Amino acid sequence: MEPRPRDKHRPGLSPVAGSGTGRALVIGPYIREAAGGDRRLRSPEARLEEALGLARAIDLEVVEAGIAPITTIRPATYLGKGKVEEIAGWVKSLGAGLVVVDCALSPVQQRNLETAWSAKVLDRTGLILEIFGRRARTREGALQVEHAHLTYQKSRLVRSWTHLERQRGGFGFLGGPGETQLEADRRLIEERLARIEAELDKVKRRRKLHRESRARVPFPIVALVGYTNAGKSTLFNRMTKSDVLEADMLFATLDPTWRAVTLPNGLKVILSDTVGFISELPTMLVAAFRATLEEVIEADIILHVRDVAHEDSEAQARDVEEVLRELGIASGDQRLIAVWNKIDLLDAAGLDRLANMAARAEEGSRPLLVSALTGEGLDRLADAIERRLALRRLMLDLELDPADGASVSWLYRNAEVLTQTLQADGRLAFTVRVDPATAGVLQRKFAIRGKDSPAG
C-alpha cells in the first residue's frame, strides 16, 4: 500500500483530541488507470484527500491513510489477498479500531474484511450516512437520514453475534423453533421504514402545499446547487446577509434554507440553499432526500456553484450534472446558470485563463466568475439572474378601480407590481411582471390594456 505523503502545512492526519471515535485508518482502494486514460478523472491522491475530508467531518482520529491500487475487484474482499494481509499489519501496528474504505462494499465484503482485520470497517456509503446523521437538524432531515441508514443496514444484518441465536416459541420446553433474532431485526427495520415512509409522504405533501403557497406570491425561486464545500452557504450568506453555517468542511449544512433577497433592480426573489452533492452519492440518499431536492426541480433559476480553485473542479461539476440529470434537469436547461466561485484563490494567470474560457462559451451558457468571500462579481450575478428571469416573464398593463380593494390586493399577491399610477379619470394604472401561467389568469380576470410583451 502507498502511504499518503505527509504535508507539514496541512493538519489533515493530525489526531483530533477528545473525538472519542477511536483510531482510524483510511484506505483508498482505487483501480489502476490504463496508460493514456481519461485525464479528466480524479487522481487517486485527490480521491484520498476527499475521503480524509469525509473522515474529518465526523471527527475521526485518522492515524494514517494510504492508497491501495488494485487491478480487479475481488468478490469476497474487494481487495486482493496480499493487500488485505498488508493492511491487517497496518491495523495491528497502529492500533486502529476502525478502517474507512473509500468505496462501496457489499455486505459480504465488509464482513470478510472486518474478520481479516479484527476491526470495524466503514465503507464510503456508511461514512456519508454517518455525516448526514450528525448534520441533520430538522425533523424532516432526521427522517430522511434515518430512512437511508435503515435501508443500508437492512442488507447488512448477518448472523455474526450471539444475540442472533435462534429463539424458541411457545411455552417452556414444548414450543417449537421461534422467530430468529435476525428475522425479528429485519421485521423491526421494515416496520420502522414503513412508518418513516408514511411520515415522509406527509412531508412531501406539506412541501407541495408550501410550493403552491409560494407560487401564489410573485417571488421567483432561485436555488443554489453544487458540489459539497463549493461555497454555496458563503454565497447564500453574502447575497442574503444571513448567518447560515459556513465552514471548510464537507456537508457543513444539510437542511435547505430560504431567504428573500431584493436584487439591485428591485426584483425580489427567494434564494434557497440546498444540500451539497458528492461523487458516488449513495442512491438511497438521493431517494431519501427527493422531497428536499424537489425544491431544486421546481426552482425558476438554478445556480450551479463550482469551486474553480479546486484541482478536481471539472470532475466535481460532472458529478453535480449527473445528479441533476437524475432529477430530470438536463445540462442545457434554460434555468441553469454556471457560477464559478472562489476566484479569490486564483493567481492572475489562472484568473485570466478562466476569464478567457468563460468568454468563449455560448452567450446563454456563459459562466460567471465570482468570489462569495469577497463579493467580487456578485453584481454581475444579480444582473444575470434578473435577465434570465425576464426571459420567462411577461409585462402587462392593466387598470383597476381604486374602490375594488379585493382586486388590488389579489394583484399584489399574485404579480410583481412594477408601477402604480393614478390617472386623471381616477382609475389606477398598473404595470406588472408575471410568469406565463399567471398572465393567462390576469387576462381572464381583468381588462388588460395594450399588448403583453416579454419583460426586459
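Residues whose amide H lies under 5 Å from that of L418, counting only those 5 or more places away or on a different chain, are T431, V432, R433; hydrogens are built 1.01 Å from N in the peptide plane.
Extension gain for E183 to R318 (0.36 nm times residue separation, less C-alpha to C-alpha distance): 44.5 nm. Scanning residues 5 or more positions from V100 or on other chains, those with amide H under 5 Å from its amide H are L25, V26, I27, L122, with H placed 1.01 Å from N in the peptide plane. Which trypsin sites (Lys or Arg not before Pro) from the stretch 309-360 combine a DSSP loop assignment with at most 15 other Cβ atoms within 10 Å? Filter output for the stretch 309-360: empty list.
Inter-label distance, E376 to D344: 1.0 nm, where each label sits 7 Å from its Cα along the C-beta direction. In this label model, K92 and E33 are separated by 3.6 nm, measuring between points 7 Å along each Cα→Cβ vector. Determine the alpha carbon to alpha carbon distance for each of K92/K232; K81/K154; K92/K342 and list only those over 31 Å. The answer is K92/K232; K92/K342.
Put a dot 7 Å past the Cα of M284, heading toward its Cβ, do the same for S43, and the two dots end up 3.4 nm apart.
Estimated at 0.36 nm per residue, the fully extended path between E199 and K120 surpasses their Cα-Cα distance by 25.2 nm. Rounded to the nearest whole Hz, the Karplus-based 3J(HN,Hα) values (6.51 cos²θ - 1.76 cosθ + 1.60, θ = phi - 60°) of the stretch 317-327 follow the sequence 4, 5, 5, 5, 4, 5, 5, 4, 5, 4, 8, with x at glycine and proline.
No lab work stands behind these numbers, since they all come straight from the coordinates. Treat the numbers as computed from the prediction; the structure is a model and nothing was measured. In this analysis, Cβ positions are derived from the backbone assuming ideal geometry, glycine residues included, and neighbour counts consider all displayed protein chains.
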